[in-house]
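Working notes for the structure below.
The values are calculated or read from the model by the stated rules, or taken from the named source; none is laboratory data. It should be emphasised that the depicted structure is a prediction, and the values quoted were computed from it without experimental measurement. Every residue, glycine among them, receives a Cβ derived from its backbone with ideal geometry; neighbour counts consider all protein chains shown.
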């Protein structure tokens with residue numbers, strides 16, 4: 001059976017790399033300024049605050065990179081997820097449910113695919129499945145793809161969606 005990739009297009013990776021680079025350069029500059037600039041007696045009060053802001057900016061940059069660089073691959077026997085910090089392979093029989101989840105905030109609603117594990121072992125968001133704006137249809141299409149592969153593996157047909 002042919003593998004199917006979710007997320008991680010070259011454009012997404014390029015945007016994530018640019019965001020990561022800019023964020024880390026700014027955070028590094030703030031950190032360097034916080035500890036090396038000015039007279040230590042007069043600028044000392046502001047340095048921890050600037051270092052904290054730089055650390056938060058670096059953390060946000062790494063989070064954006066994780067969301068931009070992550071992707072998943074649906075295979076015949078498992079779902080393989082790849083992100084900046086973690087790679088894992090989950091056999092289809094360990095996945096209990098696949099659902100579309102959403103988070104609303106000031107920037108709008110973000111849709112993503114959430115996978116629930118069997119035996120109450122938790123859940124996780126599938127890397128590459130987050131989509132912002134009014135694109136619930138994109139997240140639903142990702143969910144249907146994963147569900148088709150899971151159903152095909154459960155029926156033993158080896159074909160996504162066959163026998164369902």
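General observations
- Leading residue by the ranking (surrounded by the fewest Cβ atoms within 10 Å (Cβ to Cβ)) among those in the stretch 99-118 that are under 30 Å from residue 156 (Cβ atoms) and in contact (Cβ under 8 Å) with a residue 24 or more places away in the chain: 118
- Flag for residue 87 being at pLDDT 80 or above, exposed (fewer than 13 other Cβ atoms within 10 Å of the Cβ) and in contact with a strand residue (DSSP E or B) (Cβ under 9 Å, 6 or more places away or on another chain): yes
- Condition check for residue 106: more than 16 Å from the chain's Cα centre (by Cα), within 21 Å of residue 125 (Cβ to Cβ) and at pLDDT below 80: yes
- Taking the stretch 82-93 as the range and being under 14 Å from the mean Cα position of the chain (by Cα), touching a residue at least 24 places away in the same chain (Cβ under 8 Å) and outside any strand (DSSP E or B) as the test, only 83 passes.
- Count - residues of the stretch 121-136 that are modelled with pLDDT of 85 or more and more than 16 Å from residue 74 (Cβ to Cβ): 3
- For the stretch 1-21, taking the residues that are surrounded by 13 or more Cβ atoms within 10 Å (Cβ to Cβ) and modelled with pLDDT of 85 or more, the one that is farthest from the chain's Cα centre (by Cα) is identified as 4.
- You will find that of 76, 58, 96, the residue that is more than 16 Å from the chain's Cα centre (by Cα), in a loop (DSSP other than H, G, I, E, B) and surrounded by 14 or more Cβ atoms within 10 Å (Cβ to Cβ) is 76 and no other.
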